[in-house]
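Okay, so here's the structure we're looking at.
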Amino acid sequence: GPAPSRGGARPGDLLWVSGSIGDAGAGLAILRGEGAGSDYLVERYRNPRPRLEAGERLATIVSAMMDVSDGLLIDTSRMAAASGCAVRIELDSIPLSDALLTLRGDSAETRTTAAIAGDDYELLFAALPAASTGILALADEIGLPLSRIGAFDEGTGLSLSNHGEPAPLPPKLGFEHQR
C-alpha cells in the first residue's frame, strides 16, 4: 500500500528511527577538513542508502513516516507539526554508529550534533506501542536496527531529554531550505 504521510502520528504513538544518525554530517565535516575520521563516515555522506525495503515493510504497521534528510530534530518537529502533536526525543536513545562514537565520543554534545546533521536518509516513523514487537521482529528479519527514540503527546512543539532529565533545544534544529 501507499506510504503513510508524515501527518499521521497521534498522541501516545512512539517515535522510532532506522539505522544510525549523524554519520553523514560527520562525513561532510571530514570532507570539509574539520578533523580526521573514518572512510565509513565519508561513505555514508557520499552514498546515502534510502531504506526502501524497510519503508515498504513498515508502511502497513506505522501511523506516520518520513525520511531524515534535513536533520533528526527538524524532521521530527515537522512530523509533529503535521500531525498536530507535541513530540519528545530522548537524546540518549538516538542510535549512533561505532565510527561516530569512536570519532567524537558519547556525550550530549555528540548526540545533539548528530541530531541536527542532515543527509542520513534514515526512516523516521510513529507507531502505536502495540506495534513494538512487530517492529523489533522486522528489524531482526531485515538486519537493520530500528530504535525507539521518543513519543508523541498532546500539545505542540519539540522537547528533548537526556538520561531522563530535560535537555535544552539547540538554536538550530537542522537544515532549513531557503524560500
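Per residue, the chain reaches -10000 deg cm²/dmol at 222 nm when only DSSP H runs of four or more residues are counted, each adding -39500 (n - 2.57). Hey, for a label at Y121 modelled as a point 7 Å past Cα toward Cβ, could you say which residues of segment 138-172 have their backbone N under 18 Å away? Counting backbone N atoms under 18 Å from the label point, the list is 144-145.
So how many Å³ per residue does the convex hull of the Cα atoms of the chain work out to?
On the way: hull volume 22.0 nm³, N = 179.
Looking at the chain, the number lands at 123 Å³ per residue.
Rolling a 1.4 Å probe over the protein heavy atoms leaves E56 with an accessible area of roughly 140 Å².
Taking every Cα-Cα distance in segment 42-123 and sorting them into 10 Å bins from zero, the calculated P(r) comes out as 16, 45, 33, 6 percent. Across segment 13-81, the mean sequence separation of Cα contacts (distance under 8 Å, 6 or more residues apart), normalised by length, yields a relative contact order of 23 percent.
How would L144, L52, L101 rank on accessible area, largest to smallest, probe 1.4 Å? Mind dumping the intermediate values first?
Values: L144 20, L52 125, L101 50 Å².
Listed by decreasing accessible area, they come as L52, L101, L144.
Tally Lys and Arg at +1 and Asp and Glu at -1 over the other residues with C-beta under 15 Å from the C-beta of R10: what net charge comes out? Its environment carries a net charge of -1.
Short-range pairs are left out: with C-alpha atoms under 8 Å and at least six residues apart, the relative contact order of segment 6-129 is 50 percent. In this simple spin-label approximation, H177 and L136 carry label points 7 Å from Cα along the Cα→Cβ vector, and these lie 3.7 nm apart.
Go through segment 70-164 and name the trypsin sites (Lys or Arg not before Pro) that are in a DSSP coil and have 15 or fewer other Cβ atoms within 10 Å of their Cβ. Please list the in-between numbers first.
On the way: sites: R78, R88, R104, R111, R148; in loops: none.
Of the trypsin sites (Lys or Arg not before Pro), not one in the loops of segment 70-164 has a Cβ with at most 15 other Cβ atoms within 10 Å.
Here the spin labels are modelled as points 7 Å beyond Cα on the Cα-Cβ line, and at R148 and Y40 they lie 2.6 nm apart. What is the helix-to-structure angle for 72-83, meaning the angle in degrees between its Cα long axis and the longest Cα principal axis of the chain, kept from 0 to 90 and rounded to the nearest 10? Helix 72-83 and the main axis of the chain meet at about 20 degrees.
The values are calculated or read from the model by the stated rules, or taken from the named source; none is laboratory data. Computed from a predicted model, the values in this text were never measured in an experiment. Glycine also receives a Cβ, built like all others from the backbone with ideal geometry; neighbour counts cover every protein chain displayed. We work out accessible area using only protein heavy atoms, side chains counted, and drop any ligands, DNA or RNA first. Shrake-Rupley method; radii C 1.70, N 1.55, O 1.52, S 1.80 Å.
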